[in-house]
1. Filter region 202-239 down to residues that are part of a helix (DSSP H, G or I), open to solvent by less than 50 Å² (accessible area, probe 1.4 Å) and among the polar types (S, T, N, Q) and give me whichever is nearest to the ligand (Cβ to nearest atom).
2. Identify, from the list I254, I235, the residue that is at pLDDT 95 or above and on the phi < 0 side of the Ramachandran plot.
3. Find all pairs meeting these conditions: Cβ atoms under 7 angstrom apart; at least six residues apart or on different chains; first residue within region 348-367 and within 8 Å of the ligand (Cβ to nearest atom); second residue of a type in the set (F, W, Y).
4. Would you be able to say whether some residue in region 368-378 is within 14 Å of the ligand (Cβ to nearest atom), open to solvent by less than 10 Å² (accessible area, probe 1.4 Å) and not small (G, A, S)?
5. Suppose we filter region 1-21 for residues that are more than 28 Å from A71 (Cα to Cα) and either in a loop (DSSP other than H, G, I, E, B) or open to solvent by 60 Å² or more (accessible area, probe 1.4 Å) (or both); how many remain?
6. List the pairs whose first member sits in region 57-85 and is open to solvent by 50 Å² or more (accessible area, probe 1.4 Å), whose second member is part of a helix (DSSP H, G or I) and among the hydroxyl-bearing types (S, T, Y), and whose Cβ atoms are under 6 Å apart, counting only residues at least 6 apart or on separate chains?
7. Looking at (1) of a type in the set (S, T, Y); (2) without any contact (Cβ under 8 Å) to a residue 24 or more places away in the chain; (3) within 22 Å of R98 (Cα to Cα), which is the one condition that is false for T206?
8. Taking region 296-343 as the region of interest, how many residues are assigned to a loop (DSSP other than H, G, I, E, B) and open to solvent by 10 Å² or more (accessible area, probe 1.4 Å)?
Amino acid sequence: MTMEDSRFVLDPATRDLHGDDDLLRKLGPLVPVTAEGVPAWAATRYATLLAVLTHPDLSREIRYWDPAQRAASPPGTAIDRIVTDTSMLNAEGEEHRRLRAPLTAAFTPRRLKSLRPRIEQVTAELIDRLAEMPPDQPVDMRKEFAYPLPRDVISYMIGIPPRHQERLHELTDAVAQVGGGPEDSPGLRGDLHVLLGQIIEERRRTPGQDLITDLIELRERDGERLSNDELFATIELLFIAGHVTTVNLITNAIGALVNAPGQVELLRSGRCPYSAAVEETLRWDSPIAYFPMRYATRDVEIDGVRVEEGEPVLACFASAGRDPEQYGEDAHVFDMTRQPVNHLSFGHGPHFCLGAPLARLEAEVALSALFEAFPRIAPAAAPDEPAPLDTLLGNSTRTMPVLLGPRAGR
Ligand code: HEM
């Protein structure tokens, strides 16, 4: 992090996100920062973030953003993409309910139960592929395991025909700026729009049991419920939100477990369930670092700091997860026996993550299969060696090298 005009400039390429966050938390509940050229208030402490996520005078609707600040904000950044998204993410009240309600059915426990065999099957195939690799050579778990699983599951759930999956992933990775791929550009966004249009048209002609089919039916039954643009924006949001963050969660959990002494043993002995590994990872190494933006709809005071009408507030999820005021002086320690592991990493209030039950299920299935198949799995690099993602939004590393060791019972 650097300083500029008494603001901390958040660094997407920082090698010490948690160190930066420790500093921000010490500076106050809301700290003036610049994120991708946008001045904002960073909500870094757990209690402050909780207040921000549910505050009646903070809104995700972009119309509340101070017009001069908005005009001065750079286009084409990851933040710009999120704040201009026209899905439920940036709607409030009745409008938010209208956009979110058609999707809630897809995430009920019953629907998720029916998805479980697919998640288990894809995981088992990935484990078989891993077992074919030389057990004493480093394997990148992000690339070979954490990435393909959520990507397959969300594609299946949404109804992306297999032959379009590769290209769609390339384009959404670039647009979401997850790091390491091609840069976002207006040309790529145009290509993404064309491809989504093609996919929606295919589903219209050959309906399936998937989210795109559900949304098309809703639109044809009741055009008022969802405009064409909203249909596109919703599918794009689900696709990006539905895998990028879960990839980070699985990657970070593997990193935490192979590096923290004694933790894998707690899982193997049954003292801690795999869900504890998932929840503690969400707290300790939140898949989202910083998430834009909520705007003050009038002058407000939050935890003693005055936020003026039109000013944006940035949610610092990774920072809140390490707040000593909430978790004690050992907040920086990965400890699955911590009780209870409450965290804000899926948000809170009306915008609480729609896909949280799916992400939890995928991560649990993935981690239990991996650690049971490879009991001697070990890190192949020091914890601080793999490069960070180079994005303000996501918190993870570009690679997660491990030595798998022999497969159990074979
Ligand atoms: C570990 C994985 C995930 C994490 C950490 C995560 C985190 C979050 C957070 C923090 C928010 C709230 C943002 C805010 O209030 O400003 C959110 C919203 C959302 N998430 Fe997730 N998410 C994950 C996985 C998923 C998945 C798998 C899906 C879909 C399949 C999904 C879909 C959404 C949607 C649609 C919203 C917007 C909800 C609304 O505005 O009402 N997420 N997520």
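The values are calculated or read from the model by the stated rules, or taken from the named source; none is laboratory data. It should be emphasised that the depicted structure is a prediction, and the values quoted were computed from it without experimental measurement. Here the Cβ positions follow ideal geometry from the backbone for every residue, glycine too, while neighbour counts run over all protein chains shown. In case anyone asks, the SASA skips ligands and DNA or RNA and just uses the protein heavy atoms, side chains included. Shrake-Rupley method; radii C 1.70, N 1.55, O 1.52, S 1.80 Å.
1. Initially, region 202-239 is screened for residues part of a helix (DSSP H, G or I), giving 202-205, 211-221, 228-239.
From what is left, the residues that are open to solvent by less than 50 Å² (accessible area, probe 1.4 Å) are 202-203, 211-213, 215-216, 218, 230-239.
Filter again for among the polar types (S, T, N, Q), leaving 213, 234.
On the way: T213: 16, T234: 8 Å.
It comes out as T234.
2. Numbers: I235 fails: at pLDDT 95 or above.
So the residue among I254, I235 that is at pLDDT 95 or above and on the phi < 0 side of the Ramachandran plot is I254.
3. Cβ pairs passing all conditions: F352/F346; C353/F346; L354/F107; G355/F107; A356/F346; L358/F107.
4. Filtering region 368-378 down to residues within 14 Å of the ligand (Cβ to nearest atom) leaves none.
Among the residues of region 368-378, not one is within 14 Å of the ligand (Cβ to nearest atom), open to solvent by less than 10 Å² (accessible area, probe 1.4 Å) and not small (G, A, S), which makes the answer no.
5. Total meeting the criteria: 2.
6. Sorted first by the residue in region 57-85, then by its partner, the list stays empty.
7. Single failed check for T206: (3).
8. Filtering region 296-343 down to residues assigned to a loop (DSSP other than H, G, I, E, B) leaves 297-299, 303-304, 308-311, 321-323, 328-343.
Still in the list and also open to solvent by 10 Å² or more (accessible area, probe 1.4 Å): 297-299, 303-304, 308-309, 311, 322, 328-330, 332-335, 337-343.
Number satisfying all stated conditions: 23.
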